[in-house]
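Every number here is computed from the coordinates shown, using simple stated rules; none is lab data. These numbers come from a predicted model, not from an experiment. No Cβ is skipped: glycine too gets one built from the backbone with ideal geometry, and neighbour counts run over all protein chains shown.
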Protein chains: 2
Amino acid sequence: MATLWKSRYAQRNQRMSRSVIRELLKLTTQPDVISFAGGLPAPEVFPTERCQEAACTVLQNAGSMALQYGPTEGYLPLRQFICNQMARYGISAQPSNVLITTGSQQALDLIGKLLANAGDLILVEEPTYLGALQAWNAYGAEYVSVPIDDDGLRTDLLEDALRQGPKFMYVLPNFQNPGGTTLALERRLEVVHLSNKYGIPIVEDDPYGALRYAGDHVQPLVALDADYQHSAGLNGHGYMEGNVIYLGTFSKTLAPGLRLGWMVAPVEVIDQLIMGKQGTDLHTSTFDQMLAYEVVKDGFLEQHVRTIRRVYGERRNVMLQALETHFPEGCSWTHPDGGLFLWARVPEEIDTTTLLPLAVEHKVAYVPGTAFFADPTRGHNTMRLNFSNAQPQQIEEGICRLGRMLKEAIAKRLALPATG
Amino acid sequence: MATLWKSRYAQRNQRMSRSVIRELLKLTTQPDVISFAGGLPAPEVFPTERCQEAACTVLQNAGSMALQYGPTEGYLPLRQFICNQMARYGISAQPSNVLITTGSQQALDLIGKLLANAGDLILVEEPTYLGALQAWNAYGAEYVSVPIDDDGLRTDLLEDALRQGPKFMYVLPNFQNPGGTTLALERRLEVVHLSNKYGIPIVEDDPYGALRYAGDHVQPLVALDADYQHSAGLNGHGYMEGNVIYLGTFSKTLAPGLRLGWMVAPVEVIDQLIMGKQGTDLHTSTFDQMLAYEVVKDGFLEQHVRTIRRVYGERRNVMLQALETHFPEGCSWTHPDGGLFLWARVPEEIDTTTLLPLAVEHKVAYVPGTAFFADPTRGHNTMRLNFSNAQPQQIEEGICRLGRMLKEAIAKRLALPATG
């Protein structure tokens, strides 16, 4: 009987719960629902033809390699390409610092596997990426949360949280998911300073760094930490000896369906992560890695990212304009300089979880904000809105529907907060 | 400093070690080494052309789906195909019983994630698949081992082991890795009986089931368990309510580079595993799943598996013949009816781990048997030999080299056991 299994689930799994986002994706795939819920790239910018050519080239020239088992650390030319690419963003790494992962989600899982004992504290932003919480809940992690504001993580509150002794800090400095905010340079410097002062390392998650639509590039934490250590005389062996594990991905710049991400870390940490990955899935799809390399190797990625920036930048503008026009008074939202999401706050008396079924009736969807809080009793009147997936006229129409529904809800007090 | 990370590794990771097989694969990729070490399929039987056509078709007809995020449980047509395929082997399942995994290795990881608390006992065969040990070591599992003989798991010793209260039994009934042995029908019935008697469920790992070169198909444990429960009146709701999680893979019948496996279990167990997979890698490559479906959907797989059986069956015969000819007296080996491996035992005074560097000098490689024992002090005079990857004349030559080296070692007593 299936109950024989149930009685045997590991204790920590009482805290595993199905991802709200992914369950929502199922509800909102009816073609007439305008969904701001997922974190889906726009399919119309996928480089489908180029992938087709690349798939043919790879299978024709190196089919027996592409279909065979490969090394756990990943396909060397792709790791080398990633190093070259990251150098433009001030990150100095060798292929031995790079592990290819089955999407960035696997990087989060491997970090949990390597570092988290049951009951260990992890410092997270509030709100933070729910997939990280989900990955680490499976290892029995606990959390200490530090709020973000328009300039990202509130570093004025960081020191108190660090004194609680978290295993590491998890920070999304660029166009945060779900907040849409960017961590200001002076705060990045402060994060690095406090990391070194308290001896608490950093996991820097940067899935959207290349997708900036306004403002200037800000150095990633991994580069600032290397500078810090270098000037403090702590690091004589080049950049990659530092306090930061950096996570990147091709999901937003190329295609998420290929499940290709990467981790950058000191060699001895990468070696440990490789062991973890060996036991987890042996290696990431050889074919997908070789295909991606074939697609990106000749400068195509920069050109393609420019297209994505243009398309998503326009959609961001349309959504910001539509929010101004259609959202009722008492609402506020972030103004992201890049990425895929913005974060909206509705009046205190609205519970966005309670309201969601009504939204789906109105043929529009979002992710209720509570999903992004380590403490799920918080954030009841917040929501995450994705602006990359829907086309401009749909964004306008969807925000209009959402605004209308919010106005009704406020007027009729249809949706009282679940938490009184 | 990187040591900041080191001091923070989770306690259980002191037991994580780099896979012996995968490290060996690196050493033995020089083209002049004949390697029996890996578990690599023969690249010359990969259906490269058909994959190329399928890749084009998928990207042309459904590129925006193939490159996009997909459902965690996997691509529905592929799950349906798997159900149809398994029905031929007596396994009755619906798509809701099937979870697509990033190779079978991920299935092992998800089982550890779902079931293993630190210190939990898992019952394994001795020897057993080292990737399973590696997956579960990461969750802090402990083991109780039951030896195999020529008919597979020694069920006469099973009851004592079950009384120690393991969380589940891990069994590879067909052409076991590394043993090459097949679990006899009467023993399968006994395993199912004891599973039900002691209330201890079964993980049945069947990567090679379709690759039989001699003898008749034997019903899988998952089917026998369903029959048992049905006749005991325990199961009114069809087969998939039972005590068995079944693992399958396309790695040996199609291509390992695509990283495509699957799990079959009761719906409520699958639901839990889906949650675990969400936090682990969101989903398996959409493109690879759609590509595989396109390749296999029209009866190609049966035809292709017939080719593989012919090629590997011949190689098995060549290896068995070469062992007879070249191996010194005092050696013995299994005679597998299928799969990729056979298991050799050399004289007691030889330590195959100590001997390996000498073998590589002689331009031949194998996996030392200790890697497959939960208790690494055991199996010093055993080795696993793969017969699928090398071509027949290489097999003959490699076994000749290995035999020569063994004879020298015995004569000169070059390699004394490490364990006195």
Taking Cα atoms, the helix A:267-281 axis meets the longest principal axis of chain A at an angle in degrees (rounded to 10) of 70
Pick from B:388, B:231, B:35: which is most flexible by mean-square fluctuation in a GNM of chain B where alpha carbon atoms under 10 Å apart are linked? B:231
Measuring label to label, 7 Å along Cα→Cβ, what does residue A:300 give against each other copy in nm, shortest first? 2.2
Beta bridges by DSSP in the protein assembly as shown, antiparallel share as percent, to the nearest 5: 55
Under 5 Å between amide hydrogens, which residues at least 5 positions from residue B:34 or on another chain qualify, with H placed 1.01 Å from N in the peptide plane? B:364, B:365
Taking beta carbons within 10 Å but only from partner chains, what does the mean come to for residues A:281-294? 6
Would segment B:151-242 count as rounded, prolate or oblate if I go by the C-alpha gyration tensor, calling it rounded below 1.5 in a/c and otherwise prolate when a/b exceeds b/c, oblate otherwise? oblate
Which order do the peptides B:241-251, A:97-107 take when ranked by the mean count of other beta-carbon atoms within 10 Å per residue, highest first? A:97-107, B:241-251
Those trypsin sites (Lys or Arg not before Pro) in segment B:128-189 that DSSP places in a loop and that have at most 14 other beta carbons within 10 Å: B:163
Quick check on segment B:87-155: take the gyration tensor over C-alpha atoms, sort the square-rooted eigenvalues as a ≥ b ≥ c, and tell me if it's rounded (a/c under 1.5), prolate or oblate. oblate
Give the long-range amide H neighbours of residue A:121: residues separated by 5 or more places, or on another chain, with amide H under 5 Å away, using H modelled in the peptide plane at 1.01 Å from N. A:142, A:167
Across the identical copies, how the residue A:121 labels are spaced - nm, sorted shortest first, 7 Å along Cα→Cβ: 3.8
List the distances, in nm to one decimal, from the label point of residue B:92 to the label points of the same position in every other copy, shortest first, placing each label point 7 Å from Cα along the Cα-to-Cβ direction. 6.6
Can you give the angle from 0 to 90° between the axis of helix A:221-231 and the longest principal axis of chain A, with both taken from C-alpha atoms, to the nearest 10? 50
Please give the calculated 222 nm ellipticity per residue for chain B, where each DSSP H segment of at least 4 residues contributes -39500 (n - 2.57) and the sum is spread over every residue; nearest 500 deg cm²/dmol? -13500 deg cm²/dmol
I want to verify a result. In a Gaussian network model of chain B, Cα cutoff 10 Å, which of these has the top mean-square fluctuation: B:177, B:84, B:137? B:84
Which value in nm describes the separation of the simple spin-label points at residue A:378 and residue A:391, placed 7 Å from the Cα toward the beta carbon? 4.0
Partner lysines for residue B:407 [C-alpha distance under 16 Å; skip if fewer than 8 residues away on the same chain]: B:363
Per the Debye formula with a single identical scatterer at each Cα and no solvent contribution, what log10 I(q)/I(0) holds for chain B at q = 0.06, 0.08, 0.11, 0.15 Å⁻¹? -0.25, -0.44, -0.86, -1.51
Using a Förster distance of 51 Å, how high is the FRET efficiency between residue A:57 and residue A:412, based on the Cβ-Cβ distance and rounded to 0.05? 0.30
Candidates per GluC sites (Glu not before Pro) in segment A:335-420, loop by DSSP, up to 12 other Cβ within 10 Å: A:348
Neighbouring partner chain Cβ atoms per residue of A:107-116, average, 10 Å criterion: 4
When we measure straight from the Cα of residue A:113, which aspartates and glutamates land under 15 angstrom away, once same-chain ones fewer than 8 places off are left out? A:142, A:271, A:281, B:109, B:281
Cβ neighbours within 10 Å from other chains - mean over B:56-67: 5
Cα centroid of segment A:384-414 to Cα centroid of segment B:46-96, whole Å: 36
